[in-house]
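Read-outs throughout are calculated quantities, based only on the coordinates presented, and are distinct from any laboratory measurement. Note that this is a predicted model, so its numbers are computed, not measured. Because the Cβ atoms are built from the backbone with ideal geometry, glycine has one as well, and the counts that use them run over all protein chains shown.
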Amino acid sequence: QDLSLPNGTPVDTSSPASSSSLLNRLQLDDDLDVETRDLFVTVDDPKKHVCTMETYITYRVTTKTTRAEFDLPEYSVRRRYQDFDWLRNKLEESQPTHLIPPLPEKFVVKGVVDRFSEEFVETRRKALDKFLKRITDHPVLSFNEHFSIFLTAKDLNAYKKQGMALLSKMGESVKYVTGGYKLRSRPLEFAAIGDYLDTFSLKLGTIDRIAQRIIKEQLEYLVELREYGPVYSTWGGLEVELSEPLEGVSACIGNCCTALEELSEDMTEDFLPVLREYILYAESMKNVLKKRDQVQAEYEAKLEAVALKKEDRPKVPTDVEKCQDRVECFNADLKADMERWQNNKRQDFRQLLMGMADKNIQYYEKVCVT
Amino acid sequence: MEDCLAKKMEITVSEAEKRTGRNAMNIQETYTAYLIETRAVESQSEGQCGPVESLWRRYSEFELLRNYLSVTYPHIVVPPLPEKRADFVWHKLSADNMDPDFVERRRIGLENFLLRVASHPVLCQDKIFYAFLMQEGGWKELVNETGFQLKADSRLKALNATFRVKNPDKRFTELKHYSDELQSVISHLLRVRARVADRLYGVYKVHGNYGRVFSEWSAIEKEMGDGLQSAGHHMDVYAASIDDILEEEEHYADQLKEYLFYAEALRAVCRKHELMQYDLEMAAQDLTSKKQQCEELATGTVRTFSLKGMTSKLFGQETAEQREAKIKVLEEQIQEGEEQLKSKNLEGRDFVKSAWADIERFKEQKNHDLKEALISYAVMQISMCKKGIQVWTNAKECFSKM
């Protein structure tokens, strides 16, 4: 698929020069105001469907756009998790050189989590909304054919079946098939990215554990507080003059309990899922890096093979050239994506941690008022 | 308002020192000695104070003083001592008597005890108390000379004995019931509070881990690095702040403990009254039975079954002389008994009057003190929250700069 800028101009990415200019243009993109965005997607309104074979949840996906590629300015469709999963796989297949945002986890342990509980559905809805918004913001992914179909098709299943049929007809897989080639040298910047992602995942994992531990401790604290408050009340019953202040203390402690409960809930619902999402993101990014390595390895191997042949060929065989193209394409896309990702991540975490701080502040303020 | 010692004299327990010495069984032991400083204050002149006098006392001497006061003034709710052993501890607090924090809190508690006694209208006038403050040598002997120990032993026995009073004074029964309930509720409160403190400590300390992780994370970030690093610092501050917060709360716990022990003292007064009442009832009963015996002997009728009656029937009646002698003895006893009863009644009424006066005084003091304690506890909580707000606001600012 040809890359094209949001304004419709196609870009030739086969030479390094143009990939850097692409980078420049992409960076300019970030500075554009929201008003110039021409595609808005929202995920909301979860509904439960009960069928003979299964029960599942669908979400409403609403699209508003001024892009020429779309026939209508507005669309509203219903999608279930399966559909999102399908979209993601399609994106990975068709845009293997790009970083595809993660989806919330597919499988949930049935005994532990209630798939139909309000909290779970809401957490998932938020994650799915984020997923689509990230794709919308991506200058390349947002123009993907599958994405458009996902947003607009009345009957997605029909399209899915069609897609499968096409594939088997064409015989040529869109996937990059890479064998077990060994990489000679990884360019420093990608090695650095790899290291960064490793440490990043580790640290996020640690933060996740710490946050969980805090929530656990807070809940245990809550248990004790719940016993503490009523004792003051009992004492108040004994006294005459002191009964009012004692009852007061008891009530206050009760309010503290409520505020603490809210804090823990918020942390569980808003903070933890984002951490987990970024860990998943990092995982998928590492996979992309591996693929990139593979592509580069293939290129190098082929290049070597040609050199060994010592044939007096003026022109480098086309497949080697293709490889080179792929490598460079990959590298450029990856770099560009990393930039975006870093920016977005920064924003996200900024918001996240500020949110956490806010919640704690709110908790303390509530307690103070009491 | 009577002139209490507290108004004429400044009393402080200013220092605590570890000492080693040999005890009564010649075994070496370590104990803590407390320095009591007193200074006469002239209420008329401004700033003119007498010289500071001081002496050292150990906890066991305080105990001796209190025992003496409890026995000598059974109608007074005697102020309690701070606890002998650390109780209601949560995991960070040491249960060791030699722990400096415990010693410090005990020092404050002992000072509080002396001030309470010194401001009590009756107790402050006691000479033994005065000697405790002023006379280092020979004080123990002085106390023992009062012979209170004998009374103490019988009192201890009596307090623990079970007996039933036929006509209990309702007010005292209610009061005893109240003191039992108060003891129960305060100990429950202290136990739960200790658990609450433990948990809260855990919550704060785990946040310290954030500090470390943020620091490590900031090392691999470019733009986010500074923000993360400084936020991490605030998390460390947050985690550390709990130590001071909980130390302050211990003071509140100590105030509650004082009244926990006060409840015990209150109960003791009620028990003493019960004892007196029982004593009175026994004496009255004894008198009645003696009168009856006398009457029987005099009239020769046996109204109630008695072994004597039986034996006399079996072995023959006594002579008129013997009977006369017995009657005389009984009449003497009856007279004694009536006098005793009169004085016991008087004693009882006096006791009730003065005990009730002190109980009223105690109630007022309790309500005032506990109200203040609750208020200061609330203030502590608010301050803790304000600190929390401060830390998280700072952290938020750091995050916003990421």
For the pair A:SER94/B:TYR252, report the inter-label distance in nm, with labels modelled 7 Å from Cα in the Cβ direction. 6.3
What are the ³J(HN,Hα) couplings of the stretch B:204-221, residue after residue, when phi is run through the Karplus curve with 6.51, -1.76, 1.60 and θ = phi - 60°? Round to Hz, x for glycine and proline. 5, 5, 4, 4, x, 4, 4, x, 5, 5, 4, 4, 5, 5, 4, 5, 9, 9
Prolate/oblate/rounded label for chain B (Cα gyration tensor, a/c 1.5): prolate
Members of A:LYS90/A:LYS130; B:LYS166/B:LYS290; A:LYS161/A:LYS286; A:LYS47/A:LYS106; B:LYS166/B:LYS342 lying beyond 23 Å, as alpha-carbon distances in this model show: A:LYS161/A:LYS286
Can you give me the pair-distance distribution of the stretch A:36-157, C-alpha pairs, 10 Å bins, whole percents? 12, 45, 32, 10, 1
B:ARG164 paired with A:GLU189, simple spin-label distance in nm, labels 7 Å along Cα-to-beta-carbon: 9.8
Gap in Å between the Cα centre of the stretch B:175-248 and the Cα centre of the stretch A:263-309? 38
What is the distance, in nm, between label points placed 7 Å from the Cα along the Cα-to-Cβ direction at B:GLU53 and at B:MET134? 0.4
Through the Karplus equation 6.51 cos²θ - 1.76 cosθ + 1.60, θ set to phi - 60°, convert the phi angles of the stretch B:173-185 into ³J(HN,Hα) values in whole Hz; use x for Gly and Pro. 4, 4, 4, 4, 4, 4, 5, 5, 4, 4, 4, 4, 5
For A:GLY194, net neighbour charge (Lys/Arg +1, Asp/Glu -1) across residues whose Cβ lies under 13 Å away: 0
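So what is the relative contact order for the stretch A:36-157, in percent, with contacts set as C-alpha pairs under 8 Å and at least six apart?
27
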Under Karplus coefficients 6.51, -1.76 and 1.60, residue-wise ³J(HN,Hα) of the stretch B:244-251 in Hz, glycine/proline x: 5, 4, 6, 5, 4, 5, 4, 4
Evaluate E = 1/(1 + (r/R0)^6) for B:GLU61 and B:ARG212, where r is the Cβ-Cβ distance and R0 equals 45 Å; express this FRET efficiency to the nearest 0.05. 0.35
With Cα atoms, 0 to 90° folded angle of helix B:148-160 axis to chain B main axis: 90
